[in-house]
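Visitor: The structure's right below; bear with me while I get my questions together.
The values are calculated or read from the model by the stated rules, or taken from the named source; none is laboratory data. Every value quoted in this text rests on a predicted model; they were computed, and no experiment measured them. Heads up, the Cβs are rebuilt from the backbone with ideal geometry, glycines too, and the neighbour counts pull from every protein chain shown.
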Amino acid sequence: MNTVIAVYAKGQPPRYPKIDAYIFDTANPEYAKVLAAHGVAAASMASKSDTMFDPPTRYATGLLGMNERVEGGAFRPLLGEDNAAAVAAVQKAAWKDFPYPALLVFGHGPEDAQSRTGVMGHIRMGIAASMFRRGLAPFIVVSGGNVHPNRTPFNEAVEMKRVLIEQHGIPADRILMEPHARHTTTNLRNCARLLLAAGFPADRPSLIVSDHMTIKYIASPLLAQRSLAEMGVKPGKIAPGPDQFTVLFTPDPVAFHVEPLDPLDP
């Protein structure tokens, strides 16, 4: 809550200002009136049943709403709604028939307002679709939120699922969406959470599938260091994959650690 108030009320820059910042000019005197109106409105919602945490929570969530930063609450419950059919299929999967439980594909956001997914995303999906048709795994997990360009209405996971179905013929019940990640670090963490929560085998590695350049970064010590610095955990074990487009990823339950300093995707 302190982070939300510091960023979205006081105007302090977030960790990634380009995609996570407030939408108002906090130096404009009119903004003080906006905050005053929000404070009075939030205070009027108090009730006798409130705990000490309810008023600041109400104020902070209101700030997120005012700044149109509520994507973290979308697509809940994650194992239901759009993922329900695929989660049901997971429970019936014949894991022994496949080398890997899942192919994990991380999104690439465009920088223009018209495109629904970035060019590298199309390349990664093409590679993953080919691997799926060759029987390497029974499921594809697509990961990415509403990230680029700033405040885009397009969700990376939603758009990747659409492309995989419409352009590559992948069955909808073989695709799981992780629609919240905003960075490669949280792609890893959120995929680990989804794999474990949905019932994928916890003792077998899945394949992260990417282009031949990005996969080197995913396997690098730099990303592991970023994960520890920004999330406090390494969400799984990464090891070399069978080719230039993949690395092995075994999820770790520490991925369920909540990062309070990242309110858009904790």
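Visitor: Condition first: hydrophobic (A, V, I, L, M, F, W, C), under 27 Å from G199 (Cβ atoms) and either touching a His at 6+ places or on another chain (Cβ under 9 Å) or outside any loop (DSSP other than H, G, I, E, B) (or both). Now tell me which residues in the stretch 214-237 satisfy that.
Guide: If the condition is that a residue be hydrophobic (A, V, I, L, M, F, W, C), under 27 Å from G199 (Cβ atoms) and either touching a His at 6+ places or on another chain (Cβ under 9 Å) or outside any loop (DSSP other than H, G, I, E, B) (or both), then I215, I218, L223, A224, M231, V233 are the ones that fit.
Visitor: Cβ contacts < 9 Å: first residue in the same structural domain as A137 (by TED's automatic domain parsing), restricted to the stretch 104-121; second residue assigned to a loop (DSSP other than H, G, I, E, B) and among the basic types (K, R), any location; separation 6+ or different chain. Result?
Guide: Within 9 Å, the pairs are P110/R116.
Visitor: Given the options R182, R189, name the one that is touching a residue at least 40 places away in the same chain (Cβ under 8 Å), outside any helix (DSSP H, G or I), crowded, with 21+ Cβ neighbours inside 10 Å and among the charged types (D, E, K, R).
Guide: Exactly one residue qualifies, and that residue is R182.
Visitor: I'm told P153 meets every condition in (1) within 23 Å of P266 (Cα to Cα); (2) in contact (Cβ under 8 Å) with a residue 40 or more places away in the chain; (3) not in a helix (DSSP H, G or I) except one. Can you identify the failing condition by its number?
Guide: It is condition (2) that P153 fails.
Visitor: Can you tell me which residue is farthest from the chain's Cα centre (by Cα) among those in the stretch 159-177 that are surrounded by fewer than 20 Cβ atoms within 10 Å (Cβ to Cβ) and assigned to a loop (DSSP other than H, G, I, E, B)?
Guide: Checked the stretch 159-177; the qualifying residue farthest from the chain's Cα centre (by Cα) is G169.
Visitor: Could you grab me the full set of residues in the stretch 238-266 that are part of a strand (DSSP E or B) and either surrounded by 12 or more Cβ atoms within 10 Å (Cβ to Cβ) or touching a residue at least 40 places away in the same chain (Cβ under 8 Å) (or both)?
Guide: I238, T246, V247, L248, F249, T250, P251
Visitor: Here is a follow-up. What do you reckon, is D211 under 30 Å from R134 (Cα atoms), of a type in the set (D, E, K, R) and in contact with a Gly (Cβ under 8 Å, 6 or more places away or on another chain)?
Guide: Against the criterion (under 30 Å from R134 (Cα atoms), of a type in the set (D, E, K, R) and in contact with a Gly (Cβ under 8 Å, 6 or more places away or on another chain)), D211 does not qualify.
Visitor: So which of A84, A128, A137, A42 ends up being in a helix (DSSP H, G or I) and in contact (Cβ under 8 Å) with a residue 60 or more places away in the chain?
Guide: Result of the check over A84, A128, A137, A42: A128.
Visitor: Yes or no: the stretch 3-16 includes at least one residue that is among the β-branched types (V, I, T) and touching a Gly at 6+ places or on another chain (Cβ under 9 Å).
Guide: no
Visitor: State yes or no: is A229 farther than 16 Å from F106 by Cβ and over 19 Å from the mean Cα position of the chain (by Cα)?
Guide: When the stated conditions are applied, A229 does not pass them.
Visitor: Out of all the residues in the stretch 73-81, is one or more at pLDDT 95 or above, within 30 Å of the chain's Cα centre (by Cα), assigned to a helix (DSSP H, G or I) and not acidic (D, E)?
Guide: Taking every residue of the stretch 73-81 in turn, none turns out to be at pLDDT 95 or above, within 30 Å of the chain's Cα centre (by Cα), assigned to a helix (DSSP H, G or I) and not acidic (D, E).
Visitor: Out of all the residues in the stretch 6-14, is one or more assigned to a loop (DSSP other than H, G, I, E, B) and on the phi > 0 side of the Ramachandran plot?
Guide: yes
Visitor: Please indicate, with yes or no, whether at least one residue in the stretch 25-36 is surrounded by 11 or more Cβ atoms within 10 Å (Cβ to Cβ), of a type in the set (F, W, Y) and in contact with a helix residue (DSSP H, G or I) (Cβ under 6 Å, 6 or more places away or on another chain).
Guide: Looking for residues that are surrounded by 11 or more Cβ atoms within 10 Å (Cβ to Cβ), of a type in the set (F, W, Y) and in contact with a helix residue (DSSP H, G or I) (Cβ under 6 Å, 6 or more places away or on another chain), one finds none in the stretch 25-36, hence no.
Visitor: Here is a follow-up. Scan the stretch 59-72 residue by residue and report those that are crowded, with 16+ Cβ neighbours inside 10 Å, in a loop (DSSP other than H, G, I, E, B) and in contact with a Leu (Cβ under 9 Å, 6 or more places away or on another chain).
Guide: Matches in the stretch 59-72: R69 only.
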